[in-house]
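The values are calculated or read from the model by the stated rules, or taken from the named source; none is laboratory data. Just so it is clear, the structure is predicted and the values come from calculations on it, not from any experiment. Here the Cβ positions follow ideal geometry from the backbone for every residue, glycine too, while neighbour counts run over all protein chains shown. Accessible surface is based on the protein model in full, side chains and every heavy atom, while ligands, DNA and RNA are left aside. Shrake-Rupley method; radii C 1.70, N 1.55, O 1.52, S 1.80 Å.
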Amino acid sequence: MTRPKPAIGFHRQDNQLYVDGVALCDIADNFGTPCYVYSAAAITQAVQNLTAALTEPKPKIHYAVKANSNLAVLRLMQRLGVHVDLVSAGEYARACAAGFTPAQMVFSGIGKTDAELREAIANNIGQINAESAPEVKRLIALASEMGARPAVALRINPDSQAGGHAKLSTGSHQTKFGIPLDEAATLYKTMAESGTIQPAGLAVHIGSQIMEMDDFAEAWQKMRGFADALREAGYEVPKLDLGGGIGVNYNDGTTADLKTFAGAITQIFADSPYQLAIEPGRVLVAEAGCLLARVIHTKEGVDKRFIIIDAAMNDLIRPTLYEAYHRIEPVRESVDDADTLPPADIVGPICETGDYLGLARPMPALETGDVLAVRSAGAYSAVMRSNYNSRVMAAEVLVLDGAAHRISKPQTLDDLLGADIIPPALRDET
Ligand code: LLP
């Protein structure tokens, strides 16, 4: 007898929320709350969906590690055959630990230190994306000192206004990112004539949480024109890195239109001589994760309800930092009385009014101990958490082939206190 295959990702059955066939209330019981839960099957499907949507010329997918850098998630990505985009020595170390080779890595970032650049050069990282004239100058100096020839692309700034939120927009001249086109031409020449750098091409990344695919097309069109001009001037421009930024609809968990995204690439780069890459983060992991929290108690306000849970802004800062909306649902659905009750603010225990996960949400009556799932928490959630209010960091769990595995240790108070050092002069014994 074959058992029916469980649904992929988060799904409801018999008034209960499951992930890949595992009941989330069991995960809350077994691993405690707050706790991040990811579905390996949903991540796999997101990678497959994007891969399947891409048409010729197919760009190589470089997963943006910053979205979710847990080693188990990175290992899964490695098994799925994607490459990576990194922005720090820490992400480089994680990518190495997960089994990626330096050749599979693109190193991005506005402020790479000498130590980071040296490490990247010494290990022959596939591509370094430089973001300014001073960085190119430093790269030339380091490369000649080390007797190496790193592959360096220039991240251009196409002066685009795209991005889901002012804090997530990176493509305009008002931001610190990339090199304006007029400056980039001279800089490309400097790289090509340096004798120490292999010009690897161009990169662009206009922002994150982009739903409007025309914004990508506009930036890529500028990039193509600029790349063609460089080639006509006799320079080698082997690769174009088209960046990340594909948005996710946090209201219903769908993604931006991948077909239109892929269609724009095909339209702009068909029959071009370039090897293409993209750097998606969010779209591959956001929907594959949730944050589980338990109700501590509920409090009746003057004209609203507060549901106070054991997760807080230190666990998930997106709602208060970007006014981001995350769906929140009880793991066990009781009688649906949400319509008759006033909306509720779902808040954490931290001493700030900005400490909320959701505002004015229709919610059924909840009791101490009930478990809530804060959805779309696979991207930019655990990676952005902190110890604010001396709260220990939540554990992470990955559901893989129908079994839940702890993939990060819950921090203990010993870990937290053990990280601080009281100087001898302040100790009692001195
Ligand atoms: N490439 C570069 C150079 C980037 O800076 C980023 C994201 C990506 C790729 C991946 O972008 P994605 O496909 O994930 O949109 N903390 C924010 C998001 C910041 C994104 C920063 N850069 C949030 O919680 O929404």
Exercise for the section: Check the straight Cα-Cα distances from Lys58 and name the aspartates and glutamates below 20 Å, setting aside those fewer than 8 residues away within the same chain. Expected result: Asp85, Asp214, Asp215, Glu218, Asp228, Asp241, Asp257, Asp271, Glu279
Handout entry: Sites Thr186 and Asp214, calculated FRET efficiency, Cβ-Cβ separation with R0 45 Å, nearest 0.05
Key = 0.90
Exercise for the section: Can you figure out the FRET efficiency of Arg79 with Leu417, using R₀ = 30 Å and their beta-carbon distance, to the nearest 0.05? Expected result: 0.20
Practice task
May I ask you to give the average projected area over all directions of the convex hull of the Cα atoms of region 40-285, in nm² rounded to one decimal?
Solution key: 12.1
Practice task
Starting from the eigenvalues of the Cα gyration tensor, five times each then square-rooted, give me the equivalent ellipsoid semi-axes of region 321-424, largest first, whole Å.
Solution key: 30, 20, 13
Handout entry: For Lys58, solvent-accessible area (1.4 Å; no DNA, RNA or ligand), Å²
Key = 100
Completion exercise
Mean accessible area per residue over the chain (1.4 angstrom probe, all protein chains present, square angstrom) is 45
Exercise for the section: May I ask you to give the percent of accessible area on the chain that is carbon plus sulfur, with a probe radius of 1.4 Å? Expected result: 52
Completion exercise
Heavy-atom accessible area with a 1.4 angstrom probe orders Glu300, Glu218, Glu131, most exposed first, as Glu300, Glu218, Glu131
Completion exercise
The ³J(HN,Hα) series, computed from each phi in region 245-253 with the Karplus coefficients 6.51, -1.76 and 1.60 at θ = phi - 60°, rounded to the nearest Hz and given as x for glycine or proline, is x, 4, x, 10, 8, 6, 6, 10, x
Completion exercise
Order by accessible surface, 1.4 Å probe, largest leading, for residues His165, His62 comes to His165, His62
Exercise for the section: Net charge near Gln198: determine it from the other residues with C-beta under 11 Å of the C-beta of Gln198, scoring Lys and Arg +1 and Asp and Glu -1. Expected result: +1
Exercise for the section: Run the 1.4 Å probe and let me know the accessible area of Arg138, rounded to the nearest 10 Å². Expected result: 80
Handout entry: Radius 14 Å from Cβ of Cys96, net charge of other residues (Lys, Arg +1; Asp, Glu -1)
Key = -1
Completion exercise
Mean-square fluctuation maximum in Gaussian network of the chain, Cα pairs under 10 Å, restricted to Pro362, Pro330, Pro102, hits Pro362
Completion exercise
With -39,500 (n - 2.57) per DSSP H segment of 4 or more residues and division by the full residue count of the chain, the 222 nm estimate, nearest 500 deg cm²/dmol, is -8500 deg cm²/dmol
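With the cut-off at 27 Å, tell me which of the pairs Lys66/Lys112; Lys137/Lys167; Lys66/Lys239; Lys304/Lys409; Lys222/Lys259 have Cα atoms farther apart than that.
Lys137/Lys167; Lys304/Lys409
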Exercise for the section: Pop a pseudo-label 7 angstrom from the Cα along the beta-carbon direction at both Leu71 and Asn387 and give the gap in nm to one decimal. Expected result: 2.0
Problem - Alpha carbon centroid spacing (whole Å) that separates region 416-430 from region 91-144 - result: 37
Handout entry: Accessible-area order (highest first, 1.4 angstrom probe) of the listed residues Asp26, Asp271
Key = Asp271, Asp26
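Counting only other residues whose beta carbon sits under 9 Å from that of Tyr63, what net charge do I get with K and R as +1, D and E as -1?
On the way: positive: none; negative: Asp85, Glu279.
Combined, the nearby Lys, Arg, Asp and Glu give -2.
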